[in-house]
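S.K.: I have a structure here, written as structure tokens, and I will follow up with some questions on it.
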Amino acid sequence: QVQLVESGGGLVQAGGSLRLSCAASERTFRPYAMGWFRQAPGKEREFVAVIRWSIGSTSYADSVKGRFTISRDNAKNTVYLQMNSLKPEDTAVYYCAAPSGRFMATAEGGYDYWGQGTQVTVSS
């Protein structure tokens, strides 16, 4: 079973930046797409961004558009989420995910593989 491992979370002041990474445990794992989701305390998990692995096309939630950038490194089999101009409302546990099918979904039901999550806390 493929495992996804996130890293890069932490505590940052409002206006600051963080870069999250997500690496697959198997180097041959090459999903159709990779996504990032987040879950704030007391809220449902929500879509953040997704990238199609082969051609790099992307889609973002309106709440992060213009501030966050999703990218991938084929050689490292890693997906990144660069988060700039962070706000306190971005505080959440961030998860990366991958579908087993050929989907570039924005709903969590479209994903089969999930990481354990990494905490991002933005102080005001």
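S.K.: Round to a whole angstrom and tell me the spacing of the C-alpha centers of the range 6-26 and the range 47-96.
M.R.: About 10 Å separates the Cα centre of the range 6-26 from the one of the range 47-96.
S.K.: Residue by residue, what Karplus-based ³J(HN,Hα) values in Hz, rounded to whole numbers, does the range 32-43 have, using 6.51, -1.76 and 1.60 with θ = phi - 60° and x for Gly and Pro?
M.R.: For the range 32-43, the Karplus-derived couplings read 5, 8, 9, x, 10, 10, 8, 9, 8, x, x, 10 Hz, x marking Gly and Pro.
S.K.: Compare Thr78, Thr106 by solvent-accessible area with a 1.4 Å probe and give them largest first, with all protein chains kept in place.
M.R.: Largest accessible area first, the list is Thr106, Thr78.
S.K.: Which lysines have a Cα lying under 21 Å from the Cα of Lys87, excluding residues fewer than 8 positions away in the same chain?
M.R.: Once the sequence-local lysines are set aside, what remains near Lys87 is Lys43, Lys65.
S.K.: Using only alpha-carbon positions, what ratio does the radius of gyration of the chain give when scaled by 2.2 N^0.38 Å?
M.R.: 0.97
S.K.: How much of the accessible area of the chain, in percent, comes from carbon and sulfur atoms when a 1.4 Å probe is used?
M.R.: Carbon with sulfur: 46 percent of the solvent-accessible area.
S.K.: Taking 0.36 nm per residue of separation and subtracting the Cα-Cα distance, what length does fully extending Glu46 through Glu89 add?
M.R.: 14.2 nm
S.K.: Continuing with this model, one more query. Rounded to the nearest whole Å², what accessible area per residue is found for the chain with the 1.4 Å probe?
M.R.: About 51 Å² of surface per residue is accessible.
S.K.: Ok, one more. Ranking request for peptides 82-91, 21-30: highest mean number of other beta-carbon atoms within 10 Å first, then the rest in descending order.
M.R.: 82-91, 21-30
S.K.: A further question on this structure: Compute the relative contact order of the chain as a whole-number percentage, counting only Cα pairs closer than 8 Å that sit 6 or more residues apart in sequence.
M.R.: After rounding, I find 36 percent.
S.K.: For a label point 7 Å from the Cα of Gln13 along Cα→C-beta, name the residues of the range 90-124 whose backbone N is under 15 Å from it.
M.R.: Within reach of a label on Gln13: 122-124.
The values are calculated or read from the model by the stated rules, or taken from the named source; none is laboratory data. Keep in mind the model is a prediction, meaning the values are calculated, not measured. Note that we place each Cβ from the backbone using ideal geometry, even for glycine, and neighbour counts take in every protein chain shown. Each accessible area value is taken on the protein alone, full model and side chains, heavy atoms only, with ligands, DNA and RNA left out. Shrake-Rupley method; radii C 1.70, N 1.55, O 1.52, S 1.80 Å.
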